[in-house]
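Below is one structure; the comments refer to it alone.
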Amino acid sequence: MNTLLQFSDVHLQYQNGQNLTEVIRGINFSINQNERLAIVGKSGSGKTSLLMLMAGLEKPTLGSIKFQNQELTSYSEDQLTDFRKKNIGIVFQSFYLIPSYTALENVALSLEINFQKNALVQAEEILTDLGLKDRLYHFPSQLSGGEQQRVAIARAIINKPELILADEPTGNLDEDNSQVIADLLFNVSQKYQKSLCLVTHDLELANKCDRLMKIDNGTII
Ligand SMILES: Nc1ncnc2c1ncn2[C@@H]1O[C@H](COP(=O)(O)OP(=O)(O)OP(=O)(O)O)[C@@H](O)[C@H]1O
Ligand SMILES: [Mg+2]
């Protein structure tokens, strides 16, 4: 099995005024290619912080993070931006869609800043795949929560990233919609053979993953 991502003795501290809080305390783990990993743990345990580190959106205070054997912590901001564009798709708990763009434009945006024809065609394909063929020209405010989350997923996966990060992607949805969104994420990850790292409070969902990692107070238990 090929290792995609490797954390070695990773620490993360936040400065709160005068105080330093260590939210990640020496974490070691890896994610393999085409592996689905669930992260569970109570509120404030450091789950979102871990995803931020995986995405290169936070720099560890100490330790090594390797992605495909490249040391992320040595990257410049520009290199990190490049790395994210190529390799990472993120689905947040709240959807962060751009309100003045249609569903189609929100998805095409991650492919092409200038909405080239090809980007729109690909965005339409993927939205159709996710059951939103009749919602392409709707703005986020005209979509239900589940539909918005599907647009967010389409946006995260359109570049076929090696690693899909999902932070409680079903947290805002009712049970039926949660099931649909969870299935979508799993199907996409399996279909494209991409890794998925899923933060969730839903144990049933977590148990569908290949592996489950429990975080407490910044360490793996
Ligand atoms: N930018 C920041 N500055 C200072 N402290 C922070 C910052 N971001 C997070 N924290 C603190 O780090 C700890 C871990 O936060 P994190 O968001 O990773 O938790 P979480 O496990 O995702 O929780 P939840 O389940 O509520 O989303 C918390 O105590 C939080 O208050
Ligand atoms: Mg969180």
Check your understanding: Looking only at the stretch 70-96, which residues are free of Cβ contacts under 8 Å to residues at least 40 places away in the same chain and either touching a strand residue (DSSP E or B) at 6+ places or on another chain (Cβ under 7 Å) or under 21 Å from residue 196 (Cα atoms) (or both)?
Key -> 70, 71, 72, 73, 80, 81, 82, 83, 84
Review point. Got a number for residues in the stretch 1-34 being more than 13 Å from ligand 1 (Cβ to nearest atom) and aromatic (Phe, Trp, Tyr)?
Key: 2
Practice item. Filter the stretch 35-52 down to the residues that are touching a helix residue (DSSP H, G or I) at 6+ places or on another chain (Cβ under 8 Å) and more than 9 Å from ligand 1 (Cβ to nearest atom), then identify the one that is nearest to residue 88 (Cα to Cα). Key: 36
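For the condition in a loop (DSSP other than H, G, I, E, B) and surrounded by 17 or more Cβ atoms within 10 Å (Cβ to Cβ), what is the one hit in 63, 56, 44?
Values: 63 fails: in a loop (DSSP other than H, G, I, E, B); 44 fails: surrounded by 17 or more Cβ atoms within 10 Å (Cβ to Cβ).
That would be 56, the only listed residue that is in a loop (DSSP other than H, G, I, E, B) and surrounded by 17 or more Cβ atoms within 10 Å (Cβ to Cβ).
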Check your understanding: When only residues in the stretch 201-219 that are within 13 Å of ligand 1 (Cβ to nearest atom) and either more than 17 Å from the chain's Cα centre (by Cα) or free of Cβ contacts under 8 Å to residues at least 40 places away in the same chain (or both) count, which is farthest from residue 187 (Cα to Cα)?
Key -> 217
**Study point:** All positions within the stretch 153-188 that are within 16 Å of ligand 2 (Cβ to nearest atom) and either under 13 Å from the mean Cα position of the chain (by Cα) or closer than 20 Å to residue 210 by Cβ (or both)
**Key:** 165, 166, 167, 168, 169, 170
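Would you be able to tell me the number of residues in the stretch 4-35 that are away from ligand 2 (no atom under 16 Å from the Cβ) and crowded, with 21+ Cβ neighbours inside 10 Å?
Going residue by residue through the stretch 4-35, those that are away from ligand 2 (no atom under 16 Å from the Cβ) are 4-11, 13, 15-20, 22, 25-26, 28-35.
Narrowing the set further to residues that are crowded, with 21+ Cβ neighbours inside 10 Å leaves 4-5, 7, 10, 31, 35.
Selection size over the stretch 4-35: 6.
Bear in mind these aren't lab numbers, they're just calculated from the coordinates by the rules spelled out. What you see is a predicted model, and the numbers here were worked out from it, not measured in a lab. Reconstructed Cβ throughout: ideal geometry from the backbone, glycine too, with neighbour counts over all protein chains shown.
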